[in-house]
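The values are calculated or read from the model by the stated rules, or taken from the named source; none is laboratory data. Quick caveat: nothing in here was measured; it's all calculated off a predicted structure. Heads up, the Cβs are rebuilt from the backbone with ideal geometry, glycines too, and the neighbour counts pull from every protein chain shown. Remember, those area values only see protein heavy atoms, side chains included, never the ligands or the DNA or RNA. Shrake-Rupley method; radii C 1.70, N 1.55, O 1.52, S 1.80 Å.
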Amino acid sequence: MSKMTPQDMARKIGSGLLSFPVTPFRADYSFDEATYRANMDWLCGYDVAGLFAAGGTGEFFSLTPSEVPQIVKVAVEETKGRVPVLAGTGYGTAIAREIAIGAEKAGADGLLLLPPYLTHSEQDGLAAHVEAVCASVKIGVIVYNRDNAILQPDTLARLAERCPNLVGYKDGIGDIELMTRVYTKLGDRLTYIGGLPTAETFALPYLDMGVTTYSSAVFNFVPEFATSFYAAVRRRDHETIHAGLKNFILPLIEIRNRKKGYAVSIIKAGMKVIGRDSGPVRPPLTDLTEQELAELTALVKNLPAIRSTQQAAE
């Protein structure tokens with residue numbers, strides 16, 4: 001069981017960069033525990049405020065409900081309290097509760113509640129879903145506002161009153177008006193997280209709206225770049241931010257946008273590029289082509305030059 005209160009967890013993750021480690025698989029798609037342990041230990045050596053085990057980049061959607069607590073347990077064991085470990089949960093309410101309870105028993109410090117599977121719901125139904133998951137555990141819960149689970153400010157405010165352990169709001173839609181209305185309504189009651197794909201592109205404008213942190217998928221394979229970019233965002237260093245976007249993030253997005261599902265696949269490919277091969281993505285996702293892998297390799301190899309430019313500017 002976590003020793004952190006939900007509020008302690010929220011404050012901690014709001015203080016720095018977040019990331020979602022990939023879930024390594026063997027060629028037969030079984031969980032590769034040894035590689036996962038090595039990756040988690042390595043990532044903990046960088047300045048990161050929290051790691052989300054079995055999250056979106058960790059292919060939560062391809063894991064079974066029993067695999068999630070197993071992966072969380074390994075993450076908790078390997079991080080050894082160096083950073084908070086949060087777990088993904090989701091699908092229908094009953095399954096989301098089951099995964100949440102299992103993740104809490106495995107030692108997770110918090111949960112990220114992903115949208116319900118497939119179905120669209122009214123606000124009252126979404127609120128009942130969130131409240132049921134919050135009531136099933138004592139650890140902190142972050143709601144992920146995206147796709148078919150868009151909570152409106154009034155709904156969030158009611159949930160915040162009823163659920164003391166609802167401590168975070170992750171935005172995955174990029175609706176600036178909604179984000180502004182949510183922050184105006186709830187203020188410091190929640191910790192706000194930028195959760196759009198390749199969140200670096202939105203990091204600076206979101207900072208001005210009270211979103212102090214975001215989840216960086218590229219932290220998985222270029223942690224030095226990711227942490228230096230985040231530091232530039234926090235000090236509002238426009239020159240360094242735009243250099244990082246132009247020379248790395250935007251070219252990476254160009255590759256990512258070529259096929260559906262590449263937001264995850266390109267991160268797994270990045271692990272291969274740096275010599276930390278974490279296996280294939282599980283179907284229905286597909287891996288990058290050899291040509292795309294070569295393009296990504298060239299981008300990563302150019303990163304030292306980007307860092308030198310940033311250091312010169314500093």
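Computed quantities for the displayed model
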read-out: Per-pair calculated FRET efficiency, R0 = 22 Å: Arg82 and Glu295 via Cβ, rounded to 0.05; value: 0.05
read-out: Point-to-point label distance, Ala231-Gln70, nm (Cα→Cβ direction, 7 Å offset); value: 3.9 nm
read-out: Sulfur and carbon atoms: percent of accessible area, the range 140-294 [1.4 Å]; value: 53 percent
read-out: Span-like helix ranges in the chain, DSSP H, alpha carbon extent 24 angstrom or more, Kyte mean at least 0.5; value: none
read-out: Extension reserve of the Asp28-Leu250 stretch, reckoned as 0.36 nm per residue once the Cα distance is removed; value: 76.6 nm
read-out: Net lengthening on full extension, Asp147/Arg189 (0.36 nm per residue, minus Cα-Cα); value: 12.8 nm
read-out: Helix-derived mean residue ellipticity, 222 nm - over the chain, DSSP H n ≥ 4, -39500 (n - 2.57), to 500; value: -13500 deg cm²/dmol
read-out: Relative packing of peptides 61-67, 268-274, 89-95 - highest average C-beta neighbours within 10 Å first; value: 268-274, 89-95, 61-67
read-out: Dipole of the range 194-282, positive direction: furthest Cα of Ile241, Ala263, Leu207, with charges on the beta-carbon; value: Ala263
read-out: Distance histogram for the range 47-154 (every C-alpha pair counted, 10 angstrom bins, percent rounded to whole numbers); value: 16, 50, 28, 6, 0
read-out: Simple label model, 7 Å out from Cα along Cβ direction - Glu177 to Ala135, nm; value: 3.4 nm
